[in-house]
Amino acid sequence: MTLQLIQVNETGDVKEIANLFDDIIPTSESLLTESVKSMEDEAWVHTGKIILSIICFVMCIIGVITNSFSIIIYTSLNFRKRSINILLAGMSVSDLIVCLLALPVFIGTEIPTLFPQIDLPPKILAYCIVYLYPITIMAGCMSVWMLVSITVDRYLAVCHPFMVRVYCTVNRAKITVAVIAILTVAFNFVRFWEFDMVEPSENTGGFAFKKLLRADPIFMLVYQNIAYIISQYLLPLFVLCLLNLEVAKTILKATEQRRELVSSVKTEHQTAKMMIFVVIVFIFCYTFGIFLNLLEHLYREIFDTTIGYMLNDINNILVVFNSSSNFIFYVKYSTRYRAKLHELISYCCLCSKIPKTIYSEGKCTGKPINNDGYSVVSQGVIHNSPTCYESDKNVRNIGDSIFNEE
């Protein structure tokens, strides 16, 4: 994730003064840089930045809603009995934080530039960058390593099913979430000292930022470039690609052999397929960030231009998209998730009474139960299901199951 550094004067005018990612090696002006700077005053640049900000805003709202649903679902009683759901809940929490903080950090700091007529207190914008941006980085880093832990869990479940009972337990999943959260905060806590706020003066013309650790070239080389790229990009990508290739080969081999898989194994394979698509989206979104880091070392001057800031905006959109798109694959590949989501949406639509349903590990059995927790069939009498619509006429008894005809 990248961020533009701005300076706000007393009249509310905004001046972009730096980029958060600095290159310690100075480079000469190139023809590419000159051509980019020549396009800064084009009207399409301002229009493009507005469009990118709107897209980022919409994705943030979608991400907040979908990740909130995911947290509620994966922490519910029927779901939190599996280790994978605990890990998915942890990743949803980190993605929710990213989407929430992206609103003030990525979009709020752009408002004075895009809409000068809107008067925002400069101090609020400064606090967003100095204090909220490090938390956003922490949440993004936690999301990456939560995805790695989920991939390890799926690798054990699919490729080494006999090890699941030992390693893929709920307690181990909770410990994993706690350890990742602690290490993520510890690794990124130093970011609170990268910048500092300064009081308005004649030199600054308003609120501005003072570089602290970012003024140290050793810190920039060791931490910002080497340590961050390895921990946030290279190492996670290596683990994700390696393990997901093994998972994919195992699933394809089982499909080719046409083995009669039991329900639990089919469920593990479906969940593994779901996470493979999540990993593919992650690789797509974060590869652009690696490209920007490399481009910054080769052509630093580009990132002092409006085009460079637009590239940063695109990278921010990809980060938010990665945090808000997992919901699509949850709905696509998880029957239980869809059923629970339908229940939550019905509840949100002011349906006070919703039929409780017995869920197996891989599918919904379709057996409504009463409030006492007993199957209505086992009691020998069929009660009307309390729903928000008329379903009394469309209920029939077949064997030992009750099906609602739509």
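The values are calculated or read from the model by the stated rules, or taken from the named source; none is laboratory data. As the structure is a prediction and not an experimental result, all values here were calculated from the model. Neighbour counts are summed over all protein chains in view; Cβ atoms, including those assigned to glycine, are modelled from backbone coordinates with ideal geometry.
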What pairs come up if the first residue lies in segment 324-346 and is touching a residue at least 40 places away in the same chain (Cβ under 8 Å) and assigned by TED's automatic domain parsing to the domain that holds MET91, the second is assigned to a helix (DSSP H, G or I) and of a type in the set (Gly, Ala, Ser), and their beta carbons are under 8 Å apart, counting only those six or more places apart or on different chains? SER324/GLY63; ASN326/SER70; ASN326/SER92; PHE327/SER70; TYR330/SER70
Which one of these does GLU199 not meet: (1) surrounded by fewer than 12 Cβ atoms within 10 Å (Cβ to Cβ); (2) at pLDDT 80 or above? (2)
Would segment 130-140 turn up any residue that is over 29 Å from LYS253 (Cβ atoms), of a type in the set (Gly, Ala, Ser) and under 22 Å from the mean Cα position of the chain (by Cα)? yes
For segment 105-138, give me the residue count where each residue is in contact with a Cys (Cβ under 9 Å, 6 or more places away or on another chain) and small (Gly, Ala, Ser). 1
Considering ILE73, ILE62, ILE97, ILE129, which residue is part of a helix (DSSP H, G or I), at pLDDT below 90 and either under 19 Å from GLN232 (Cα atoms) or β-branched (Val, Ile, Thr) (or both)? ILE129
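Going through PHE115, PHE106, PHE79 one at a time, which residue ends up being under 30 Å from ARG165 (Cβ atoms) and among the aromatic types (Phe, Trp, Tyr)?
Working: PHE115 fails: under 30 Å from ARG165 (Cβ atoms); PHE106 fails: under 30 Å from ARG165 (Cβ atoms).
Result of the check over PHE115, PHE106, PHE79: PHE79.
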